[in-house]
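Participant: Below you will find the structure I want to go over with you.
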Amino acid sequence: MEYFVIVIGAIFVNNVVLSQFLGICPFLGVSNKVETSLGMGAAVTFVMAITAVVAYILQHCVLVKYNIEYMQTIVFILVIAALVQMVEIILKKMSPSLYQALGIFLPLITTNCAVLGVAILIAQKNFNLLESVVYAVSLAIGFSLALVLFAGIRERLELDDMPKAMKGVPIALITAGILAMAFMGFSGLV
Amino acid sequence: MNKLQLITKGLIKENPTFALVLGMCPTLGTTTSAANGLGMGAATMFVLILSNIVISLVKNVIPDKVRIPAFIVIIASFVTVVQLCMEAFVPDLYATLGVFIPLIVVNCIILGRAEAFASKNNAFDSALDGLGIGLGFTCSLTVLGAVRELLGSGSIFGARLYEGDGMLIFVLAPGAFIALGYLMVVFNKLTAKSK
Amino acid sequence: MQSTLKNMVLVLFLITLVASAAVGGIFKITEEPIAQAKAAKTKAALAAVLPAFDNDPGQDTVSTVVDGLPVLLYKATAGGQLAGYAVETQTNNGFNGKVKLMVGFDADNQIVNISVLEHTETPGLGSKMADEDNKLIVSFQGKNPADLKLAVKKDGGDIDALTAATISSRAYVDAVERGYKALLSVTSQQEAPAATITTTEPAGQEGGDNE
């Protein structure tokens, strides 16, 4: 039951992008096509799951143990940077087409605040290892969901006629606002 | 480019929020009021200036391939310094900004300026660049915070302008997106005219 | 600069070393002010929620655990007599997680005032729990929790909830209830001295009718 609450809460109620404002850069950047956003979602889910495990171990076995919690930011960001590099190398070998589609956004996962955000949130919330992983994966699914939904909308927006000043990012932001409003309907679910 | 331009370009031409669309997470996440926007902007500016200076000083001794990790470590240290100082001296603001303080590390603006400017220019110019971009960022955040606070809770910097609750949606998540979207429309309209 | 394995490792190592030394140094410098800022906050909250006292409640604390969450009690005395307890209590049921309150009880277990120490509730809705004289505080002030049905009105209790923030209000009530339980468990252990000082029955029906 508790895990169910974590999952629903992380995917719908406190959606990373639409209510916690983490990972907005890729949200606006790679959401032009449904296909690329699916790939990005998958990459982020993968990185987040590993980050959750590593961050949990680091937090409990190193930072808390040696009383150096203030080094948290530096340690976490370095680990994430290394992880992303690893995912990049693996993807390059395993799926060159996906690697090409994601292009410059893979290295940008390093500066995806959602990933660092997850690491820090897990440390703050005092989750156990399994809860941490469930939470991270749910957040990543929420991220992918928002990304794919948004990409679907944007594919149609491209064809719409609108004032020049609204084209591109402004209309995307306003659309995201309306989407966020829709997600607010989930609040109170858990 | 003269020194003054280095500072002023961040306000309009290379405004990080409205023109370059960078650093959206803190922009949307922390601007529930004008004061919060200002605080976040100032913290980011501080990190930006210092990391720009240090990176331009050490750029010649860093091997190319480990450039990014080296920059990130430098930025992360300054962010931790800011975090500790805020916790010590402005605990209330620290509590409000919460998780977004450590997240300054992953603000694309800072790594972007390190890569695009500080790694190619001298320390003084880099400091000015950091100041300019930082000011632009702070202004954008303060304006967005002020608009959201005005519409959402009817006050600016905590000073009540009208009675009642305001349109609460602007303090909540959807309002952040919508307010920023419309501000960007206005910005585009104004800059398109001046060209 | 050319990258060779040797200089890459060396440079990264040096940078990390200098960075951690610098951060460690700053941590040592700010450690004291951070502790002071926290202490000042606790002190301000204690002064806000307790009746007049002249000891240092920070020196006289009892910590206990109620339903899995830690609760900290501060004992306040005035002129050697028990003035009341301030209870630092928390809940994880807030809309966005943790809510931490400081609840002040006088010697008759009546709630004097409540101060919100920490919350991450939605600005403009749940965040009103931290405002002065909000509905929640008013429902509790001057009451003995024993006389109240500790639930929001929507759930059949006696507490006025904040408008459009039922979840936050439930969390608030939950935290107060946890604090009250902790108070009862601690005072019942010290029943004998508590009874002689207050001369009235602690947590009794009369306690609520004193006003």
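The values are calculated or read from the model by the stated rules, or taken from the named source; none is laboratory data. None of the values given here were measured: they were computed from a predicted structure. Heads up, the Cβs are rebuilt from the backbone with ideal geometry, glycines too, and the neighbour counts pull from every protein chain shown. Surface areas here come from the heavy atoms of the whole protein model, side chains and all, with no ligands, DNA or RNA. Shrake-Rupley method; radii C 1.70, N 1.55, O 1.52, S 1.80 Å.
Participant: Just to be sure before I move on: is residue C:47 open to solvent by 60 Å² or more (accessible area, probe 1.4 Å), touching a Phe, Trp or Tyr at 6+ places or on another chain (Cβ under 9 Å) and more than 14 Å from chain B (Cβ to nearest Cβ) in the structure I sent? Working first, answer last.
Facilitator: On the way: open to solvent by 60 Å² or more (accessible area, probe 1.4 Å): yes; touching a Phe, Trp or Tyr at 6+ places or on another chain (Cβ under 9 Å): yes; more than 14 Å from chain B (Cβ to nearest Cβ): yes.
Taking the combined requirement at face value, the residue satisfies it.
Participant: Under 28 Å from residue A:115 (Cβ atoms), facing another protein chain (nearest Cβ under 9 Å), surrounded by 21 or more Cβ atoms within 10 Å (Cβ to Cβ) and touching an Asp or Glu at 6+ places or on another chain (Cβ under 8 Å), is that true of residue B:171?
Facilitator: The answer is yes for residue B:171.
Participant: Among (1) touching a helix residue (DSSP H, G or I) at 6+ places or on another chain (Cβ under 7 Å); (2) closer than 21 Å to residue B:44 by Cβ; (3) surrounded by 16 or more Cβ atoms within 10 Å (Cβ to Cβ); (4) of a type in the set (A, V, I, L, M, F, W, C), there is one condition residue B:139 misses while meeting the rest; what is its number?
Facilitator: With respect to (1) touching a helix residue (DSSP H, G or I) at 6+ places or on another chain (Cβ under 7 Å); (2) closer than 21 Å to residue B:44 by Cβ; (3) surrounded by 16 or more Cβ atoms within 10 Å (Cβ to Cβ); (4) of a type in the set (A, V, I, L, M, F, W, C), residue B:139 is out only on (1).
Participant: Just one of (1) closer than 19 Å to residue B:23 by Cβ; (2) at the interface with another protein chain (Cβ under 8 Å from one of its Cβ atoms); (3) open to solvent by less than 30 Å² (accessible area, probe 1.4 Å); (4) among the hydrophobic types (A, V, I, L, M, F, W, C) trips up residue B:66, so point out which.
Facilitator: For residue B:66, the failing item is (1).
Participant: Just to be sure I understand the filter: pairs with C-beta atoms under 9 Å, separated by 6 or more residues or on different chains, first member in segment C:91-109 and not assigned by TED's automatic domain parsing to the domain that holds residue C:76, second member among the small types (Gly, Ala, Ser) and open to solvent by 40 Å² or more (accessible area, probe 1.4 Å). Which pairs pass?
Facilitator: Partner pairs satisfying both residue conditions: none exist.
Participant: Sort through C:44, C:76, C:40 and tell me the only one that's of a type in the set (A, V, I, L, M), over 13 Å from the mean Cα position of the chain (by Cα) and farther than 20 Å from residue C:178 by Cα.
Facilitator: C:40
Participant: Check residue C:111 against each of (1) open to solvent by less than 10 Å² (accessible area, probe 1.4 Å); (2) at pLDDT 80 or above; (3) within 14 Å of chain B (Cβ to nearest Cβ) and name the one condition it does not meet.
Facilitator: Against the list (1) open to solvent by less than 10 Å² (accessible area, probe 1.4 Å); (2) at pLDDT 80 or above; (3) within 14 Å of chain B (Cβ to nearest Cβ), residue C:111 comes up short only on (3).
Participant: Continuing with the same structure: Please verify whether residue A:63 is surrounded by fewer than 22 Cβ atoms within 10 Å (Cβ to Cβ), away from chain B (no Cβ under 12 Å), in contact with an Asp or Glu (Cβ under 6 Å, 6 or more places away or on another chain) and at pLDDT 80 or above, treating the condition exactly as stated.
Facilitator: On the way: surrounded by fewer than 22 Cβ atoms within 10 Å (Cβ to Cβ): yes; away from chain B (no Cβ under 12 Å): yes; in contact with an Asp or Glu (Cβ under 6 Å, 6 or more places away or on another chain): yes; at pLDDT 80 or above: yes.
Against the criterion (surrounded by fewer than 22 Cβ atoms within 10 Å (Cβ to Cβ), away from chain B (no Cβ under 12 Å), in contact with an Asp or Glu (Cβ under 6 Å, 6 or more places away or on another chain) and at pLDDT 80 or above), residue A:63 qualifies.
Participant: State whether the residues of segment B:150-164 include one that is open to solvent by 10 Å² or more (accessible area, probe 1.4 Å), away from chain A (no Cβ under 11 Å), part of a helix (DSSP H, G or I) and not polar (S, T, N, Q).
Facilitator: Yes: segment B:150-164 contains one or more residues that are open to solvent by 10 Å² or more (accessible area, probe 1.4 Å), away from chain A (no Cβ under 11 Å), part of a helix (DSSP H, G or I) and not polar (S, T, N, Q).
Participant: So for segment B:113-124 (the condition being open to solvent by less than 50 Å² (accessible area, probe 1.4 Å), in a helix (DSSP H, G or I), away from chain A (no Cβ under 14 Å) and in contact with a Gly (Cβ under 9 Å, 6 or more places away or on another chain)), does at least one residue qualify? Walk me through how you get there before you give the answer.
Facilitator: Filtering segment B:113-124 for residues open to solvent by less than 50 Å² (accessible area, probe 1.4 Å) gives B:113-114, B:117-119, B:121, B:123.
Now restrict to residues that are in a helix (DSSP H, G or I): B:113-114, B:117-118, B:123.
Those still in the list that are away from chain A (no Cβ under 14 Å) too: B:117-118, B:123.
Next, only the ones that are in contact with a Gly (Cβ under 9 Å, 6 or more places away or on another chain) stay: B:117-118.
Checking segment B:113-124: at least one residue is open to solvent by less than 50 Å² (accessible area, probe 1.4 Å), in a helix (DSSP H, G or I), away from chain A (no Cβ under 14 Å) and in contact with a Gly (Cβ under 9 Å, 6 or more places away or on another chain).
Participant: Name every residue in segment A:142-190 that is within 12 Å of another protein chain (Cβ to nearest Cβ), open to solvent by 70 Å² or more (accessible area, probe 1.4 Å) and in a loop (DSSP other than H, G, I, E, B), in order of residue number.
Facilitator: Listed by number, the residues that qualify are A:163, A:167, A:189, A:190.
Participant: OK, next. Taking the conditions exactly as written (within 12 Å of the chain's Cα centre (by Cα) and more than 26 Å from residue B:123 (Cβ to Cβ)), does residue B:37 satisfy them or not?
Facilitator: Criteria met by residue B:37.
Participant: Report yes if some residue within segment B:176-186 is assigned to a helix (DSSP H, G or I) and more than 26 Å from residue A:168 (Cα to Cα); otherwise report no.
Facilitator: No, there is no match, as no residue in segment B:176-186 is assigned to a helix (DSSP H, G or I) and more than 26 Å from residue A:168 (Cα to Cα).
Participant: Follow-up question, since we're still on this one. I need a count of the residues in segment B:39-63 that are away from chain C (no Cβ under 12 Å) and polar (S, T, N, Q).
Facilitator: Of the residues in that region, 3 qualify.
Participant: Now for a different question. From the list A:37, A:95, which residue is open to solvent by less than 70 Å² (accessible area, probe 1.4 Å), under 23 Å from residue B:27 (Cα atoms) and polar (S, T, N, Q)?
Facilitator: Details: A:95 fails: under 23 Å from residue B:27 (Cα atoms).
Just a single option satisfies the conditions, and that option is A:37.
Participant: Given C:19, C:35, which one is under 25 Å from residue B:47 (Cα atoms), free of Cβ contacts under 8 Å to residues at least 12 places away in the same chain and open to solvent by 30 Å² or more (accessible area, probe 1.4 Å)? Explain how you work it out, then say what you get.
Facilitator: Numbers: C:19 fails: open to solvent by 30 Å² or more (accessible area, probe 1.4 Å).
Criteria check complete, one pass: C:35.
Participant: Return yes or no: is residue B:141 more than 14 Å from chain A (Cβ to nearest Cβ), in a helix (DSSP H, G or I) and either out of contact with any Phe, Trp or Tyr (no Cβ under 7 Å at 6 or more places or on another chain) or more than 17 Å from residue B:34 (Cβ to Cβ) (or both)?
Facilitator: no
Participant: Still on this model: Applying the selection to segment C:128-168, what residues are in a loop (DSSP other than H, G, I, E, B), touching a residue at least 60 places away in the same chain (Cβ under 8 Å) and within 14 Å of chain A (Cβ to nearest Cβ)?
Facilitator: C:165
Participant: Looking only at segment B:17-38, count every residue that is small (Gly, Ala, Ser), open to solvent by less than 10 Å² (accessible area, probe 1.4 Å) and at negative phi and tell me the total.
Facilitator: Going through segment B:17-38 one residue at a time, the tally reaches 2.
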